[in-house]
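**Q** Take a look at this one; I'll ask things after.
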Amino acid sequence: MARLSAGESALEGALAAAVVLEDDPRYNAGTGSALQLDGETIGMDAAVMDSTGQLGAVAAIQRVRNPILVAREVADTPHWLLAGEGAIAFARKRGHSDYYQVTERARRIHREVLTALQSGTGEAADRWRGFDLEAYWNFPSTWSEVLHRYGSSTIGSVAMDDAGRFAVCNSTGGASPMLFGRVGDSPIIGCGFYAGEEGAIAATGVGEHIVRRMLCKQVYDWLVLGMPLQEALDRGIALFPDSIPVGLIGVTREASGTANNRQMPTATLVE
Ligand code: ASP
């Protein structure tokens, strides 16, 4: 809000909010990112977009503190999305130094996911039932090594500035359990995020389900047809069965809103 009050763009405002949330270890993005199944790898996805055509994203990026700032820099290139090793090399070239932190919370969630997969009970086990994990295991350490050695809450921000421009930022450590190289909805345009002349929308939840519904573009298209924001957000959530956690935030010229099927913290600032 300070950025917006100082006359900066919606994108700078949304970006500042996203950086604060990435640095807060309570969230699954940046510093608090979830561990992949080996209990060591952190792969992050992030994206920025605004209604003036700015668009940048990173997928499966490792060892940077603020993926959202790297995504912002991708928007300055002729590309929109960089992934994996290329994204890391790009980040280093742009001065983002090596950064690797595993929070206690990420370790606890990793342990819980392993327990769930082993016992076959719980949400993670339900989602992966029937999947032969060992046959597809792609980490350097083996599945049984990991078992012997030893979840989700992505961040998003949407903003509108004085000039009526809209922006969205989205950043995540992914949805556990995850194989090496997994990319979710968060860096995929129209799925985890969308911004245009009518507003900005960000999503959270299990990426594999969100991409199949192209959720944020779907909600945005309802806005284009004249549907009020809250109704569009609620409809978006209603596309999913209750067993799939999902949440949305959005802003339009008339309103801001949130909808979800789990408890999720949100905050609204209005000048
Ligand atoms: N949507 C993110 C993903 O699937 C996770 C989340 O929102 O919690 O990577």
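Read the figures in this text as sums done on the coordinates, not as results from a lab. Computed from a predicted model, the values in this text were never measured in an experiment. Every residue, glycine as well, gets a Cβ built from its backbone with ideal geometry; the counts of neighbours run over all protein chains shown.
**Q** Give the distance, in whole Å, between the Cα centre of the range 163-188 and the Cα centre of the range 92-122.
**A** Result: 16 Å between the Cα centres.
**Q** Test of understanding: ordering Val183, Val64, Val211 by Cβ neighbours within 10 Å, fewest first, what list do you get?
**A** Values: Val183 22, Val64 26, Val211 18.
Result, fewest neighbours first: Val211, Val183, Val64.
**Q** Apply 1/(1 + (r/R0)^6) to the Cβ-Cβ distance of Arg235 and Arg26, taking R0 = 35 Å, and write down the FRET efficiency to the nearest 0.05. Spell out each step's value before the answer.
**A** On the way: r = 29 Å, r/R0 = 0.84.
Using R0 = 35 Å, I get an efficiency of 0.75.
**Q** With a sphere of radius 14 Å drawn around the Cβ of Ile188, what net charge do the other residues whose Cβ falls strictly inside it have (Lys, Arg +1; Asp, Glu -1)? Write out the running numbers ahead of the final one.
**A** Values: positive: Arg182, Arg212, Arg213, Lys217; negative: Asp45, Asp185, Glu208.
Every neighbour counted, the sum reads +1.
**Q** Can you give the charge dipole size of the range 20-159 about its Cα centre, rounded to the nearest 20 debye, using +1 on the beta carbon of Lys and Arg and -1 on the beta carbon of Asp and Glu? Mind dumping the intermediate values first?
**A** Values: 14 positive and 18 negative charges, 46 e Å.
Using Cβ point charges on Lys, Arg, Asp and Glu, the range 20-159 gives about 220 debye.
**Q** Here's something else I'd like to know. Using the number of other C-beta atoms within 10 angstrom as an exposure proxy, rank Val58, Val146 with the fewest first.
**A** Details: Val58 32, Val146 18.
Fewest to most other Cβ atoms nearby, the residues stand as Val146, Val58.
**Q** Here is a further query. If the only charges are +1 at each Lys and Arg Cβ and -1 at each Asp and Glu Cβ, what is the size of the charge dipole of the chain around the Cα centre, to the nearest 20 debye? Can you show the working numbers first?
**A** Working: 23 positive and 32 negative charges, 99 e Å.
That gives a dipole near 480 debye.
**Q** I would also like to ask the following. Among Ile155, Leu117, Gly173, which residue has its Cα positioned farthest towards the positive end of the charge dipole of the range 97-198, with +1 placed on the Cβ of Lys and Arg, -1 on the Cβ of Asp and Glu, and the dipole taken about the Cα centre?
**A** Toward the positive end, the furthest listed residue is Leu117.
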